């Protein structure tokens with residue numbers, strides 16, 4: 001593919017990063033992946049996996065799809081240390097992880113000025129990544145977003161330009177507060193329905209057709225984490241992490257009451273059969 005973007009790198013080839021990399025490859029991009037797991041762990045993606053030295057030297061555009069701020073630190077500055085490896089071809093760095101907007105503002109001061117930084121968190125769960133229909137919340141200059149649009153088109157079908165760097169990340173953590181609220185509510189009413197003798201499928205049909213409609217209820221049969229209990233290393237754990245990322249950007253008084261109760265509810269969710 002001749003898009004003018006050059007070689008693309010996807011750092012963090014987990015439940016979201018791996019299908020994003022596959023979508024880019026399917027669209028004809030020159031893609032390499034980087035992950036802490038060995039290449040043979042990635043099946044058909046294995047031939048595209050590489051090490052940190054080769055990754056930094058050979059990729060002009062890098063998507064960071066690692067879990068959180070700690071892994072972002074490892075990727076950029078510590079363990080993989082992409083930003084200090086020489087030679088480096090990196091020109092554009094997209095942060096696709098959901099991180100604190102405050103952290104993003106601090107990150108701009110730490111990333112070399114020659115590297116364009118864009119926040120590009122996405123939504124839709126693994127099923128949307130697999131089907132290349134992610135929703136992106138973008139923060140950055142319109143000129144660079146125009147340049148990157150072919151890349152976004154390969155992975156998603158909804159693109160929201162929120163403003164300058166940081167605005168995309170802010171939109172994402174606010175979106176995820178609503179997502180966490182509907183997840184907690186949907187899981188709670190399903191538990192109550194079982195206790196009260198209402199069949200799950202029938203209640204989900206009511207929610208889908210009525211005022212209780214929400215993303216999790218509508219997609220309950222296809223969302224991979226719909227029945228999971230909370231664990232630090234699963235999607236509910238990531239959702240709790242995203243709530244804390246939002247809290248980090250808010251005054252302390254704003255995190256009291258409903259936000260704190262919501263976080264506790266997510267952390268107390270148990271698996272359902």
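For the stretch 222-241, filtering for residues that are out of contact with any helix residue (DSSP H, G or I) (no Cβ under 6 Å at 6 or more places or on another chain), in a loop (DSSP other than H, G, I, E, B) and touching a residue at least 12 places away in the same chain (Cβ under 8 Å) leaves 2. Exactly one residue out of 181, 211 is more than 30 Å from residue 28 (Cα to Cα) and in a loop (DSSP other than H, G, I, E, B), and it is 211.
Going through the stretch 83-122 one residue at a time, which ones are in a helix (DSSP H, G or I) and more than 25 Å from residue 242 (Cβ to Cβ)? Listed by number, the list holds a single entry, 84. When 83, 45 are checked against the criterion of being in contact with a helix residue (DSSP H, G or I) (Cβ under 7 Å, 6 or more places away or on another chain), over 19 Å from residue 118 (Cα atoms) and modelled with pLDDT of 95 or more, 45 stands alone in meeting it. In summary, residue 89 fulfils each of the numbered conditions (1) surrounded by 14 or more Cβ atoms within 10 Å (Cβ to Cβ); (2) within 22 Å of the chain's Cα centre (by Cα) with the single exception of condition (2).
For the stretch 242-273, give me the residue count where each residue is in contact (Cβ under 8 Å) with a residue 12 or more places away in the chain and out of contact with any helix residue (DSSP H, G or I) (no Cβ under 8 Å at 6 or more places or on another chain). Matching residues across the stretch 242-273 total 4.
The values are calculated or read from the model by the stated rules, or taken from the named source; none is laboratory data. Since we're looking at a predicted model, the values are computed, not measured. Cβ atoms come from the backbone with ideal geometry, glycine included; neighbour counts cover every protein chain shown.
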